[in-house]
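Here's the structure we're looking at; comments come further down.
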Amino acid sequence: MYAKVAQEKKNRLSLLLKKSESHPNPTHLDTFEKLTNASSMSPEEIKKWGESFDKLISQEAGMDAFTRFLKSEFSEENIEFWMACENYKKIKDPVQLSLKAKEIYKTFIEKDAPKEVNLDFNTKECTSQSISHPALNSFDAAQTKIYTLMEQDSYPRFLKSSLYSDLLNNRPLGYSALRRRSRSFTFNEFKDAQPDFAIWL
């Protein structure tokens, strides 16, 4: 009897794993499908991302990997704001500068903005006053705050993530997460299995 129950559970586990391969978890696989640049990098190059946050985001592949990690944590507004500020500082036309300043402020900084970033009151006020007469450094204070937040908070978690681990060890993206799900399923399915004599008590 026990052998039959165990075989049925084993068959169910096999079916689940096949489904996981055909329909991978979007959080760990589909959202990272464009990481071809990072996947093609050597482990030595990827390892350097662990030396500093600046080294990570100074490379396109590193920026892409970090952005997709933040998306998995639903906090991508931080890196999007930082990149918007970088692009803002490249604008040379005064009219475009003014328009972009208002767009960034309404998107990321004003109260209840659709992608509001976490800034203290003084930094928000300073930025609000600065964009009344936009300059290339209007968002510098806010950008620095968000950079520090990512460096001290999100970056350490990225280095411990399954995404970085898979890239670092040249494994298929999502491999670590899939293994954890498989182990969890096996434990939950078999922990209540009983030997034959217990079933007939």
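Once you order the gyration tensor axes a ≥ b ≥ c over the Cα atoms, which shape class does segment 51-105 get: rounded for a/c under 1.5, otherwise prolate or oblate by comparing a/b with b/c? Write out the running numbers ahead of the final one.
Numbers: a/c = 3.57, a/b = 1.80, b/c = 1.98.
It comes out oblate by the Cα gyration axes.
Which order do you get for F108, F121 if you rank them by accessible area with a 1.4 Å probe, largest at the top? Let's see the in-between values first.
Values: F108 15, F121 145 Å².
Descending order: F121, F108.
Which distance in nm do the two modelled labels at K55 and K111 give, with both placed 7 Å along the Cα-to-Cβ direction?
Going by the 7 Å Cα→Cβ label model, 4.4 nm.
Which value, in Å² rounded to 10, gives the accessible area of E51 with a 1.4 Å probe and all protein chains present?
Per-residue accessible area (E51): approximately 110 Å².
Got a number for the accessible area of Y105? Probe 1.4 Å, square angstrom, nearest 10.
Counting only protein heavy atoms, Y105 exposes about 40 Å² to solvent.
The values are calculated or read from the model by the stated rules, or taken from the named source; none is laboratory data. Predicted model, so just to flag it, every value in this text is computed and none were measured. Glycine also receives a Cβ, built like all others from the backbone with ideal geometry; neighbour counts cover every protein chain displayed. Each accessible area value is taken on the protein alone, full model and side chains, heavy atoms only, with ligands, DNA and RNA left out. Shrake-Rupley method; radii C 1.70, N 1.55, O 1.52, S 1.80 Å.
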